[in-house]
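A short worksheet on the structure shown next.
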Amino acid sequence: MAAEAPYATPPFASYSVSWEALIPDAAWTFVYSSLQAYKAHVQEYPGCQSLDAYVSPIDGGDLRLQCYATWDTPEQLEAFLERGYTLERLLLDVDAPAPQRTLVMEKVF
């Protein structure tokens, strides 16, 4: 019996969307509590690996918010962006400024 070729593992990849928004200091308390509920909601979507949010203060007391949602497959990410409750929709619902930038990315390692 011939020996089988060693098992080759395909490269690991995940698919993410990132948003960057400037949040006024006066809106932060409400945005923060909404983000907590948002994280729990989005992580229930099939294929969602994680939702992470980072903030840094900027001049004047406002905050720069960066939020990342990571998915197993590009199809799951695409479905989320088309039909899911995205950060753009959340910020619109809480009367906060829309994200200034949205990036769709593939993690290669």
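The values are calculated or read from the model by the stated rules, or taken from the named source; none is laboratory data. Because the structure is predicted, anything quoted here is derived from the model rather than measured. Reconstructed Cβ throughout: ideal geometry from the backbone, glycine too, with neighbour counts over all protein chains shown. In case anyone asks, the SASA skips ligands and DNA or RNA and just uses the protein heavy atoms, side chains included. Shrake-Rupley method; radii C 1.70, N 1.55, O 1.52, S 1.80 Å.
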**Report entry** Solvent-accessible surface ranking, highest first, for Arg83, Arg89, Arg101 at 1.4 angstrom
**Finding:** Arg83, Arg101, Arg89
Requested in this report: For helix 74-83, report the angle its Cα long axis makes with the longest principal axis of the Cα atoms of the chain; keep it between 0 and 90° and round to the nearest 10°.
Outcome: 30
Query raised in the report: Protein chains only, probe 1.4 Å: how do Cys48, Cys67 rank by accessible area, largest first?
Result: Cys48, Cys67
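Compute and list, largest first, the equivalent-ellipsoid semi-axes of the chain from the alpha carbon gyration tensor, each √(5λ) rounded to a whole angstrom.
Ellipsoid half-lengths, sorted descending, are 35, 14, 11 Å.
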Query raised in the report: Separation between the Thr73 and Val108 pseudo-spin-labels, each 7 Å from Cα along Cα→Cβ, expressed in nm?
Result: 2.3
Requested in this report: Compute the distance in nm between two label points, each set 7 Å from the Cα along the Cα-to-Cβ direction, one at Ser50 and one at Leu22.
Outcome: 2.9
Query raised in the report: Using Cα atoms only, what is the angle between the long axis of helix 28-42 and the major principal axis of the chain, expressed in degrees (0 to 90) to the nearest 10?
Result: 20
Query raised in the report: How large is the charge dipole for the chain, taken about the Cα centre, if only the Cβ atoms of Lys, Arg (+1) and Asp, Glu (-1) carry charge, to the nearest 20 debye?
Result: 80
